[in-house]
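What follows is a short report on a single structure.
What follows draws every value from the coordinates through simple rules; no lab data is involved. If you're wondering where the values come from, they're calculated on a predicted model, not measured in any experiment.
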């Protein structure tokens, strides 16, 4: 754990780059898209309609 702390201490935001096919992808918008996608999946999975649908399929 101390090794991780030392590495994290030495990394700055300028050191973290996500490159895909030559394009630099900004991390904050990517994080927002992923969090909203996961939130949407949770919302659909836990909605009342989905719960009723799944409970009727198990009978």
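Mean residue ellipticity at 222 nm from the helices of the chain, using -39,500 (n - 2.57) per DSSP H segment of n ≥ 4 over the full residue count, to the nearest 500 deg cm²/dmol?
Details: 3 runs with 39 residues, N = 59.
Roughly -21000 deg cm²/dmol at 222 nm, from the helical runs in the chain.
Compute the Kirkwood hydrodynamic radius of the stretch 2-57, taking the inverse of the mean of 1/r over all pairs of distinct Cα atoms, and give it in Å to one decimal.
With all distinct Cα pairs of the stretch 2-57 included, I get 14.9 Å.
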